[in-house]
Amino acid sequence: MFYKKHISFLIICLIFSLLLSGCRDTVDYSSSPVIPGGEDLTHSEVSSADASSDLTVSEPEQSSQASSETPLKPVNPPASSTAPHLHAFKITRVESTCTKEGYTLYECSCGETKIDDYVPKKGHTFGEWNTVTEPTATAVGLKERTCTVCGEKETEQIPIVYAYSALSKEVFELVNNERANAGLPALAYRQDLQICVNIRAEEIMEKFDHIRPNNTECFTVLPENNIDEYSAAGENIAEGQETAKAVIESWMNSEGHKENILSEKYTGIAIGVAEKDGRYYWVQIFIG
């Protein structure tokens with residue numbers, strides 16, 4: 001009997017002990033700053049057992065602005081109140097001239113421009129040629145004409161007068177007579193050489209020599225006047241003879257001059273004659 005009472009007492013003590021243990025689990029641990037494990041209960045991490053209890057645990061701290069403001073919505077820019085620009089072109093017509101095209105120019109106040117309606121340039125309408133400077137035996141002449149529309153002037157050279165004088169012609173005929181007497185073919189008169197012999201006739205009035213006044217050889221007059229293609233060249237000069245016959249006799253009586261007149265290596269000739277104060281100066285240029 002005593003034994004049963006003793007067991008009943010122990011059971012009552014055990015139940016009371018369990019009840020006391022349950023009361024400890026309901027204690028508000030948030031009033032205590034630290035639990036035996038040393039963790040701060042204000043941290044957001046709690047066990048699942050704590051979460052199911054009556055403990056009041058604060059959430060992780062967040063910005064009050066983020067929690068209190070409504071998320072911003074994208075705002076579209078306001079529609080422009082200005083109407084689209086419409087070009088208002090000022091139209092200018094540019095007429096064509098002798099040298100420039102004509103066209104229509106469109107200009108807007110905004111700076112936009114365009115060009116349209118091209119018209120070809122007209123070109124010059126020239127009048128008759130007028131001689132400004134007459135050609136000579138040693139220099140070209142000059143002529144000009146004027147456009148009747150714009151006044152533009154155009155000039156051209158007049159070629160040197162290549163026609164030889166009557167004295168030159170007479171000397172030429174006498175040279176070929178001498179060659180015929182020697183059984184040699186006649187020389188051709190080279191009008192393209194006329195400017196060369198005319199220049200040399202003027203030069204020997206200043207300096208009677210086969211060396212020119214510029215101290216170059218007499219034959220430099222050929223390339224200066226575009227005479228480049230030849231294999232041989234010779235020159236005879238004379239001063240003071242008054243007729244063609246007299247000058248030929250003088251040359252034929254001089255061995256060197258006669259050799260040029262009767263040379264087989266030449267095929268062409270030109271003769272220049274100049275006169276100063278009644279005194280004549282004679283030049284022959286041979287070429288082959």
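The values are calculated or read from the model by the stated rules, or taken from the named source; none is laboratory data. For clarity, every value in this text was computed on a predicted model and none was experimentally measured. Because the Cβ atoms are built from the backbone with ideal geometry, glycine has one as well, and the counts that use them run over all protein chains shown. These accessible areas exclude ligands, DNA and RNA; they are computed on the full protein's heavy atoms, side chains included. Shrake-Rupley method; radii C 1.70, N 1.55, O 1.52, S 1.80 Å.
Before moving on, here are some points about what is shown:
- Cross-link pairs 114/153; 90/121; 169/276 - those with Cα-Cα distance over 28 Å: 114/153
- Only protein atoms count toward the accessible area here, which uses a 1.4 Å probe; on the stretch 174-278, the carbon and sulfur part of that area reaches 43 percent.
- Accessible surface of residue 208, taken over heavy atoms with a 1.4 Å probe and every protein chain present, rounds to 90 Å².
- Loop-located GluC sites (Glu not before Pro) in the stretch 203-238 (DSSP state other than H, G, I, E, B) with a sparse environment of at most 16 neighbouring Cβ atoms within 10 Å: 229.
- Ranked by solvent-accessible area (1.4 Å probe, protein heavy atoms only, all chains present), the residues 12, 285 order from largest to smallest as 12, 285.
- For the stretch 115-223, the Cα gyration tensor yields ellipsoid semi-axes of 45, 18, 14 Å (square root of five times each eigenvalue, largest first, whole Å).
- Close amide H contacts of residue 136 (hydrogens built in the peptide plane, cut-off under 5 Å, sequence separation of 5 or more or a different chain): 141, 161.
- Computed from the C-beta positions of residue 150 and residue 225, the FRET efficiency with R₀ = 51 Å rounds to 0.90.
- Sequence-distant residues sharing a close amide H with residue 268 (under 5 Å, placed H): 188, 287
- Phi-based couplings in Hz for the stretch 101-118 (Karplus 6.51, -1.76, 1.60; Gly and Pro marked x): 6, x, 6, 10, 9, 10, 10, 9, 5, 7, x, 6, 9, 7, 10, 8, 6, 5
- Each of 195, 168, 241 was scored by the projection of its Cα onto the charge dipole of the stretch 163-271, and the greatest displacement toward the positive side belongs to 168; charges sit on the C-beta of Lys, Arg, Asp and Glu.
- For the stretch 204-288, the solvent-accessible area of protein heavy atoms averages 52 Å² per residue (probe radius 1.4 Å; ligands and nucleic acids excluded).
- Residues whose amide H comes within less than 5 Å of that of residue 152, counting only those at least five positions distant or on another chain, are 147 (H built at 1.01 Å from N in the peptide plane).
- Multiplying the residue separation of residue 255 and residue 214 by 0.36 nm and removing their Cα-Cα distance gives an extension gain of 12.0 nm.
- Highest-first arrangement of 100-113, 253-266, where packing means the average Cβ count within 10 Å: 253-266, 100-113
- Charged side chains reduced to their Cβ positions (Lys and Arg at +1, Asp and Glu at -1) give the stretch 242-288 a dipole of some 80 debye around its Cα centre.
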